[in-house]
Amino acid sequence: MQYSDHNNDMGVENNRAIKNNKVVPTVLDSHYNITTSANEPNSDEISDINITQSASNYKPNYLKYVTFTVKLNNNGPNTASNINVSYLLNHNYLKWISDDGKGSYNYITGIWSVQTLTNNTNIILHVTAQIIKSNINITNTAFYKSGSTTDPNTLNNIAVTQLSVPSSADICIYHTASNYNPKYLHHICIIIQVRNKGPNNAQNLVINSGLNPNLLKYISCYGNGHYNYKTGIWTISTLKSGSVNTIHIYVKVMAFKTVINNIVSYQPNTYDSSLKNNKAGISLTVPSLTISTLAASLSIGTKSKYEEAAKIFNWVRDYVDYSFYYGTRYGASGTLKLLKGNCVDLSRLIVSLARASGLSARYKYGTCYFYKSQEWISHVWTNIYVNGKWYAADASNNINNFGVIKNWNISNFILNGVYNTLPF
């Protein structure tokens with residue numbers, strides 16, 4: 001008996017092969033991109049094998065875990081046995097972590113073997129994998145490879161899932177300083193370094209320097225990107241994978257007898273697999289003031305003796321509070337430590353600072369008419385000698401300036417004495 005070559009006339013579909021007058025399903029092996037025929041079944045029994053697949057997350061991030069669910073259904077009418085399903089993970093993108101062991105799954109070969117699957121039953125395989133590549137689309141394919149029965153419907157023998165993995169950049173922040181024990185009013189350099197450990201480039205980075213202008217006053221900076229000293233924000237348009245950017249920020253220390261804790265932080269706009277390195281901090285220990293260290297600090301940057309004397313007066317006026325009491329209590333050092341004193345102790349501090357800076361200074365004691373209280377009150381103030389002239393320095397009121405007294409009547413007062421050392 002001869003057979004015609006026109007098999008379609010006999011109702012055989014194009015996606016099936018003919019072997020020994022039997023219909024054998026053909027399927028697409030997507031991993032190797034070839035078309036293969038399923039093994040010839042051992043009997044004339046029919047089982048409609050249906051494969052479905054899903055993922056726990058279709059947009060997973062880099063280094064995260066995804067669980068794939070492959071469901072194998074036997075739509076009958078007969079029991080199927082010796083079933084082999086090809087489910088090979090692409091090991092360039094996915095790292096096998098575990099599977100639930102239903103049936104027999106070999107993650108190296110990608111073959112899932114099921115011994116028996118009765119009519120109208122199903123079996124499920126869970127495979128957990130780690131995403132090991134970012135900024136990529138990943139296709140996972142499961143297909144029915146072989147079995148003991150004939151499958152009349154090959155259209156449901158294959159199932160595909162597609163994952164879309166976004167870009168990822170592991171940004172590390174490093175923070176150092178040129179001096180961790182700076183003195184008051186001294187200049188130090190704050191160094192911030194940002195490194196992209198990849199795997200992808202990072203765009204539009206925003207780093208907060210955390211600098212408090214009341215403690216660390218901005219002077220200048222240099223480095224890549226743009227630094228806004230008013231907001232403390234450092235922006236970088238692009239940081240390539242594996243590259244490093246550094247900025248140096250020069251500041252003046254505006255506090256004393258304190259610890260300054262500074263934290264630099266980065267808020268990712270590209271997925272970052274390790275948030276713990278998005279912050280870095282330092283601690284600066286600023287020592288207490290002494291007469292000599294304060295005098296030295298106040299002289300920094302001055303260009304004349306007059307400017308140095310004015311800075312001494314302004315500092316005492318602005319940073320030491322006036323406190324009313326009679327006589328003297330604290331002296332110069334005690335007033336500096338407590339940052340408060342009456343007219344006598346304020347004057348002692350000014351004279352001590354001036355003399356520590358190499359300037360001549362003296363005390364004046366008188367009975368003065370104060371405008372606010374409208375009273376005549378015993379009072380002490382100072383003079384500092386600069387450029388051949390004595391300049392008045394009265395820090396008892398913030399409206400006074402170096403060389404200018406405004407809170408009492410300087411044209412009508414009783415001068416009781418001028419002293420190099422106060423007798424009281």
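The values are calculated or read from the model by the stated rules, or taken from the named source; none is laboratory data. It should be emphasised that the depicted structure is a prediction, and the values quoted were computed from it without experimental measurement. So basically every Cβ, Gly included, is an ideal-geometry build from the backbone, and we count neighbours across all protein chains shown.
Every residue in segment 273-323 that is of a type in the set (D, E, K, R) and assigned by TED's automatic domain parsing to the domain that holds residue 358, please.
303, 305, 307, 308, 311, 317, 318, 321 - these are the residues of segment 273-323 that are of a type in the set (D, E, K, R) and assigned by TED's automatic domain parsing to the domain that holds residue 358.
Please tell me if residue 244 is more than 14 Å from the chain's Cα centre (by Cα) and either on the phi > 0 side of the Ramachandran plot or of a type in the set (Val, Ile, Thr) (or both).
Yes.
For segment 371-389, what are the residues that are closer than 23 Å to residue 327 by Cβ, in a strand (DSSP E or B) and either not hydroxyl-bearing (Ser, Thr, Tyr) or not assigned by TED's automatic domain parsing to the domain that holds residue 359 (or both)?
Across segment 371-389, the qualifying residues are 375, 376, 377, 379, 380, 381, 383.
Could you list, in sequence order, the residues of segment 388-418 that are within 55 Å of the chain's Cα centre (by Cα) and closer than 16 Å to residue 362 by Cβ?
Of everything in segment 388-418, those that are within 55 Å of the chain's Cα centre (by Cα) and closer than 16 Å to residue 362 by Cβ turn out to be 391, 392, 393, 394, 395, 402, 403, 405.
Consider residue 247 carefully, then state whether it is hydrophobic (A, V, I, L, M, F, W, C) and surrounded by fewer than 17 Cβ atoms within 10 Å (Cβ to Cβ).
It is false that residue 247 is hydrophobic (A, V, I, L, M, F, W, C) and surrounded by fewer than 17 Cβ atoms within 10 Å (Cβ to Cβ).
Looking at 266, 250, which one is within 43 Å of the chain's Cα centre (by Cα), touching a residue at least 24 places away in the same chain (Cβ under 8 Å) and over 24 Å from residue 186 (Cβ atoms)?
Among 266, 250, only 266 is within 43 Å of the chain's Cα centre (by Cα), touching a residue at least 24 places away in the same chain (Cβ under 8 Å) and over 24 Å from residue 186 (Cβ atoms).
Among the residues of segment 111-136, what is the count of those that are surrounded by fewer than 16 Cβ atoms within 10 Å (Cβ to Cβ) and either touching a His at 6+ places or on another chain (Cβ under 9 Å) or among the aromatic types (Phe, Trp, Tyr) (or both)?
1
Search segment 321-348 for residues being free of Cβ contacts under 8 Å to residues at least 24 places away in the same chain and outside any loop (DSSP other than H, G, I, E, B), and hand back the single one that is nearest to residue 383 (Cα to Cα).
Among those residues, the one meeting the criterion is 345.
Tell me which of these residue 150 doesn't satisfy, since it passes every other one: (1) over 30 Å from residue 283 (Cβ atoms); (2) at pLDDT 95 or above.
Among (1) over 30 Å from residue 283 (Cβ atoms); (2) at pLDDT 95 or above, residue 150 violates only (2).
With respect to the numbered conditions (1) over 18 Å from residue 204 (Cβ atoms); (2) surrounded by fewer than 17 Cβ atoms within 10 Å (Cβ to Cβ), which one is the sole condition not fulfilled by residue 218?
It is condition (2) that residue 218 fails.
Filtering segment 149-182 down to residues that are more than 30 Å from residue 92 (Cβ to Cβ) and buried (at least 18 other Cβ atoms within 10 Å of the Cβ), which residue is nearest to the chain's Cα centre (by Cα)?
Checked segment 149-182; the qualifying residue nearest to the chain's Cα centre (by Cα) is 173.
Out of all the residues in segment 236-293, which are under 30 Å from residue 358 (Cβ atoms), among the basic types (Lys, Arg) and not in a strand (DSSP E or B)?
257 - this is the single residue of segment 236-293 that is under 30 Å from residue 358 (Cβ atoms), among the basic types (Lys, Arg) and not in a strand (DSSP E or B).
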